[in-house]
Amino acid sequence: MRFVAAVMIAFVVSSAAAADSAVPQPDSSLAAYAKPGELVDIGGRKLNLRCSGSGSPVVVLESGANADSLTWMLVQPLIAKSTRVCSYDRAGYGFSDEGPLPRSVDADAADLDALIRAAHLKTPVVVVGHSLGTNIVRRYADRHAANVAGIVLVDPWPQHISEFSSEWVKTDNEMRAGMIAFASQCAKGAEKGELAKPTKDLEKCIRPGDPHYPDALNAAIHARKEKPAFWHTLISESQSNMVVFEEPIAPTESHGAIPLIVLTADSTFDDAPPDGKKALEAARQKTHKLLVATSTRGERRWVAQSTHDMQLDQPAAVATAVADVIKMSAH
């Protein structure tokens, strides 16, 4: 994925691959994502869970901002070859019911705990998070350390960027505020049932289907985004992220001796604007270094030829890190 300012991450809507010069052929194997897996009741509302493979420990995959279980479509089959692995749609995304607002890291971590318990996933589990998902699995591990066998953090988003450039954060927040205002218009359109056949003002609310996806999947994605739940969640998550990513890594954060691997992509900010690139990269380097230090068995790995969407660019690197964490957890 080309770099998009943090404000626009919420609009990077489930696109598995870059556009090709030739007309791409839909991947029929993705048709499974056009319908829910297992809808698990976590107490009056349901989250969509997709599990495959067998064995232990169970691996739980946590998506980044505005993403659902589809983002793990390349990683999950690799992990399933050796153990049981589950991805899921957070509240308000994919096929999951909308959750109480605001949608914060605390709320998502609580849902993750409720899902693991309600689905009777055997603990301790290995938790894998991408981008915003790294914040969620870290919070879960902090609160339920006994239930965590290992942690893999896939290109965590930089924290406390204002330490390196307050101007960039100001610009980013202004852009995010503009995006939230536009999303609010889309939400109003969804509430009125106007996104199925949008007027000119609402035409940009839902992007065209991905040619790599089968028709049924594109139709399912479009249908979900016609509903208010998606927009309510996107807006709340975006507002929360303005706070989440400005917080520094707490000096008290510790995951003890739980095996932990931080995966750092080599091209996350290649396309960032010059005035922000230096600050973003400096913040990311500090963030990743501090996260490795939260475990006495922390390790950092650079992943070549990878953008921020490492789970799509280099799925084997993610699967290998998971396998290695599992080996470390056995000792």
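FYI, it's all coordinate maths here, none of it is from the lab. Only a predicted model underlies this, so the values are computations on that prediction, with no experimental measurement involved. Quick reminder, even Gly has a Cβ in these numbers, built from the backbone with ideal geometry, and neighbours come from all protein chains shown.
Okay, here's what the table says:
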quantity: Relative contact order, percent, the stretch 256-321 [alpha-carbon distance under 8 Å, six or more residues apart]; calculated: 48
quantity: Unit charges on C-beta of K, R, D, E only; dipole of the stretch 29-329, Debye; calculated: 640
quantity: Scaled radius of gyration (Cα, divided by 2.2 N^0.38 Å) that the stretch 29-329 gives; calculated: 0.97
quantity: Fraction of beta bridges assigned by DSSP in the chain that are antiparallel (%, nearest 5); calculated: 25
quantity: Relative contact order (%) - criterion: Cα under 8 Å, at least six apart; region: the stretch 29-329; calculated: 22
